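Here, each number is a calculation from the coordinates, and none is a lab measurement. Note that the coordinates shown come from a computational prediction; the quantities given were computed from them, not determined experimentally. Neighbour counts are summed over all protein chains in view; Cβ atoms, including those assigned to glycine, are modelled from backbone coordinates with ideal geometry.
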Amino acid sequence: MRTTILFLLLISTLTACRKVVDYQVDFPGEQLAIVGTVSTGAGANVYVSRSIAPYGSYRVIEELMVTDAEVYIYGDTLIGRLEHRGNGRYTSTEQLHFSVGGRYWVEVIHDELGTAYSSSVTIPENILQFQADLNFTGAMWPSNEPEAKLTFSLLDRPGENYYTYFARPEVPGASDLNGVFVVGSKNFEFCGIYNTYMLDTCFDGEPFSLDLHFGLGGEAWLPSGEKRPFNSLRFRLTSVSAEYYLYLLDKRSLESGLGVADPTPTFTNITGGLGVFMAANEKAISLGF
């Protein structure tokens, strides 16, 4: 009997110590969510969907895509209407042209979700003196996969610049290589260098180079799960607008997996909705091996 009473007292104490947290975030309801870019080479590409949260949930999710919106792009005046290419993706036609240093913004109109528009973004200047080389340096540990070193260099322009870089097997449908780690020729740990994007704090207006190390087994994974051999990479170095860089920083913090944190809004430059409209200027090179 005494044991039973002690057990009941213990259960009562544990129950009394339990704290129920009722955390609610104000959500104004479904809004237009926009993720788009404009560049000299690829033109304007805008994905339109419905938002699913009050914070930065602008990921391209097939079930939420909006296929019946009107999407327009402007410079100083209206440039043209973007065409729907399927699954919520709206793009410019070949008749629409965009220039380095030009400022552009988009407007999205939907009967149910209303109207949303971006702030103006500027297409960055061309990248100067860009080159890249690919070599093999040994084997990766512990996979024993051949280790590749891709060295790229460029002459950075004076002023604050932002860059992204990706390497992808030249196979239709292949994804960008992951597992890349970066070795800089300068003290890059204080320069905002992250996997695939960077700020030019330490090399403002100077030549610089970076070494990217990754496993390169010669087979690319496709979305179908199939593996296909390849013998060349497409390396893309892109000068991006500040909006693009801020978006990537927030995206990285949300996907870092560092545990539970108080929700904070991700960067957005959209009025009347959520999302981000960005500008880019890309250079690409093919590297065989």
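Quick check for you: which residues of the range 202-233 have the amide N under 20 Å from the point 7 Å beyond the Cα of Glu145 toward its beta carbon?
In the range 202-233, the label zone of Glu145 (backbone N under 20 Å from the point 7 Å along Cα→Cβ) covers 211-233.
Please report His213, His97 as a ranked list, fewest other C-beta atoms within 10 angstrom at the top and most at the bottom. Intermediate values should be presented prior to the final figure.
Values: His213 17, His97 11.
In increasing order of surrounding Cβ atoms, one gets His97, His213.
Can you tell me the length gained on complete extension of the stretch Glu62 to Thr122, counting 0.36 nm per residue apart and subtracting the Cα distance? Walk me through the numbers before you get to the answer.
On the way: separation 60, 0.36 × 60 = 21.60 nm, distance 2.89 nm.
The span from Glu62 to Thr122 would gain 18.7 nm if fully extended.
Given points 7 Å out from each Cα along the Cα-Cβ axis, report the Phe136 to Glu206 separation in nanometres with one decimal.
Those two pseudo-labels are separated by 3.5 nm.
If r is the Cβ-Cβ distance from Glu219 to Arg85 and R0 is 30 Å, what FRET efficiency results, to the nearest 0.05?
0.50
Tally Lys and Arg at +1 and Asp and Glu at -1 over the other residues with C-beta under 14 Å from the C-beta of His213: what net charge comes out?
Within the 14 Å Cβ shell, the charges total -3.
Roughly speaking, what is the stretch gain from Glu226 to Leu249, that is 0.36 nm per residue apart minus the C-alpha to C-alpha distance, in nm to one decimal? Don't skip to the end; give the middle numbers.
Working: separation 23, 0.36 × 23 = 8.28 nm, distance 3.19 nm.
Full extension from Glu226 to Leu249 adds 5.1 nm.
So what's the net charge close to Arg236: Lys and Arg +1, Asp and Glu -1, counting the other residues with Cβ under 12 Å from its Cβ?
On the way: positive: Arg168, Arg234, Lys283; negative: Glu170, Asp176, Glu282.
Result for the neighbourhood of Arg236: 0.
So how far, in whole Å, is the C-alpha centre of the range 113-150 from the one of the range 64-109?
25
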